[in-house]
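Report on one structure; see the data block that follows.
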Amino acid sequence: MVLNQPGLQYNNEGSAMKKLVIFAIGSYSLLMVVSLVFAQASAGKLTAQVCSACHSTARICEKLGNRKPEVWLQTVERMKSNGAKLSAADVTTVTEYLATAKPGSKPVCQ
Ligand code: HEC
């Protein structure tokens, strides 16, 4: 029978392997996208939580999308000296969030 030829068997295994590799790469990329979305969501929550302690987040919302990352860093550092409770890691997380969030992004914007 044709299927019992060693060459064909090898080819079948090869294509199964190829499918497995494609599946693995596909799943991995999906996982990366999902974890990025989750990271963005939790950074947003942290920002809204920490940055609403003294004033409304509307003040922040109106600036989303029109400040350079280094200016956001200055803002966040200044808020820290105003008394915002932020660890060094939080400063990075919040600054990255503010520098990349699109105008109107929830939960900073309501
Ligand atoms: C401990 C109180 C406090 C916290 C917490 C706080 N702020 Fe402020 N924020 C202030 C004060 C006081 C001002 C006005 C004086 C100033 O601008 O430093 C202000 C003003 C601002 C302004 C308007 C001035 C500007 O730069 O356009 C923005 C934007 C702002 N804060 C963003 C933030 C962000 C982002 C966070 C979270 C990292 C935050 N604030 C957390 C006290 C706080």
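The distance between label points at ARG78 and SER56 comes to 2.0 nm (points 7 Å beyond Cα on the Cα→Cβ vector). In the elastic network of the chain, a GNM with C-alpha springs shorter than 10 Å, the most mobile of VAL37, VAL76, VAL21 is VAL21. Evaluated at q = 0.11 Å⁻¹, a Debye calculation over the C-alpha positions of the chain (equal weights, vacuum) places log10 I(q)/I(0) at -0.48.
What is the calculated FRET efficiency for ILE22 to LYS106, with r their C-beta to C-beta distance and R₀ = 41 Å, to the nearest 0.05? In this case the efficiency is close to 0.70. In this structure, the amide hydrogen of LYS106, modeled 1.01 Å from its nitrogen in the peptide plane, lies closer than 5 angstrom to no residue at least 5 positions away or on a different chain. For the chain, CYS51, CYS54 have no disulfide-compatible partner, since no other Cys C-beta lies under 4.7 Å from theirs. A simple charge model with +1 on the Cβ of Lys and Arg, -1 on the Cβ of Asp and Glu and nothing else charged puts the dipole of region 2-100 at about 260 debye relative to its Cα centre. Annotation for region 8-102: trypsin sites (Lys or Arg not before Pro) lying in DSSP loop with at most 10 further Cβ atoms inside 10 Å of their Cβ are LYS85.
Each value in this text was obtained by applying a stated rule to the coordinates, not by laboratory testing. Only a predicted model underlies this, so the values are computations on that prediction, with no experimental measurement involved. As a convention, Cβ positions derive from the backbone with ideal geometry for all residues, glycine included, and neighbour counts pool all protein chains shown.
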